[in-house]
Structures are given as C-alpha cells and as structure tokens.
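Scroll down for the structure; my scribbles are underneath it.
The values are calculated or read from the model by the stated rules, or taken from the named source; none is laboratory data. Keep in mind that what you see is a predicted model, and the values were worked out from it rather than measured. Please note: Cβ atoms are built from the backbone with ideal geometry, for glycine as well, and neighbour counts cover all protein chains shown. We work out accessible area using only protein heavy atoms, side chains counted, and drop any ligands, DNA or RNA first. Shrake-Rupley method; radii C 1.70, N 1.55, O 1.52, S 1.80 Å.
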Amino acid sequence: MKRYGLVISAALIGIAFTLRGQEAAPPTVDLYEGQKQFEPMPSPELPNGPELPDISKLDENFSKPRSLGKQADDARIHIEWRQLKNQTVNDPAVQAAKAFAQAARTDLEKRNRLRDYYNIYYERMSALATTPEIKLALQALKTSHQGILDQPRVRPSPTPEGATPTPTPSRTPKKPTDKHKKKDKRKKVF
C-alpha cells in the first residue's frame, strides 16, 4: 500500500508542477522585441503577377461544352432536334398548318401549303432552340425540306435575260436486239 500511495503522490506533484509551469510565462510575449522587423513595401509600378480575367469570363470559358468529335456533336444536335420536334409537334398552330396542307386538292396547292407549314414549324422550333449550332441545323433542315418541294422539271422558272437555257439531254435510241433469237447454250464439239 505504501507503494500505491507513493505513486499517487508523485503523480499529483507532477501535475502540480506542470500547472504552475504554464502560469510562469506572461500572457503576451514579444519574441522580436528590440529587433527591426522587415516590412515589404508595395511597388505601385509592378503588378503582382499576370493579370487574370474576371470570374464571369472564366465561368463562360469553362461552361462551354467541349467537342468530343464530329459524330458526338452530330448525335448531340440530333438529340436536341428530337426534343424540339417533340415539343413543337403538339403546338396547335403547327397542327392546323399540317392539316391545312394535307387537305389540299392539287399537287401545286399542297406544295405551297407545305412551304407555309415548314415555315411555321421551323420558326417555332428555332424560337425554342438555345444554342446557335442547333439553330443552324434547323435552318439546314428547313432548307432541305423546302428543297424537296421544288419541282423545276414540272414548271421551270423563267431564265434571266441574256442567260442561255441549259438544254435537257435527249435520250439515245436503243439498239434493236433480237428478242426472238435463241442462243445455243450447248458447247459444240468438233
């Protein structure tokens, strides 16, 4: 028991010394008292490094989607076009224009009404488009759809004055073939 008491008393004395040791130092100690401290002077002529752009410009640069290749860009544009098409198809003005075009009696009347329909349809889609790439793609699709409606051979447009019209190629006559003559497919042996 003496041993335990001795260990406990030694521990208490060690704790007391450490507590008193922390109180010995004053709360504010200036280690550099009497020394001249170095203070760098800012020079107004020299910048502190390269001039960086504003945060808004950095955000703008990093928010642009990177190109993953031509096929990936085409697939992305196609997906955006399908989404716009699904939104636009149910528009009442687009449906009315399509029904009006389908109710045409003659081919010429139908082509003219389809031109109006494509104008309405692609105007609605381009109004919903967000990127310039998809707007260019929509313009190309509109041009191709309306190009199908043109029939220059049926009713050619008048040629401008001074221009020579391009002649249409004439068909060359076929050589007469002997339809009734049978060929001997057997090999002749001499």
Select from segment 84-99 the residues that are surrounded by fewer than 16 Cβ atoms within 10 Å (Cβ to Cβ) and within 16 Å of residue 139 (Cα to Cα) and list them in ascending order.
85
Complete set of residues in segment 132-165 that are at pLDDT below 70 and of a type in the set (Asp, Glu)
161
Answer yes or no: is there a residue in segment 105-126 that is more than 28 Å from the chain's Cα centre (by Cα), open to solvent by less than 40 Å² (accessible area, probe 1.4 Å), modelled with pLDDT of 90 or more and closer than 30 Å to residue 153 by Cβ.
yes
Leading residue by the ranking (modelled with the lowest pLDDT) among those in segment 34-64 that are among the hydrophobic types (A, V, I, L, M, F, W, C) and open to solvent by 100 Å² or more (accessible area, probe 1.4 Å):
46
Any residue at all in segment 65-86 that's of a type in the set (S, T, N, Q) and modelled with pLDDT under 80?
yes
Segment 130-147: number of residues that are exposed (fewer than 15 other Cβ atoms within 10 Å of the Cβ), over 19 Å from residue 115 (Cα atoms) and not polar (S, T, N, Q)
2
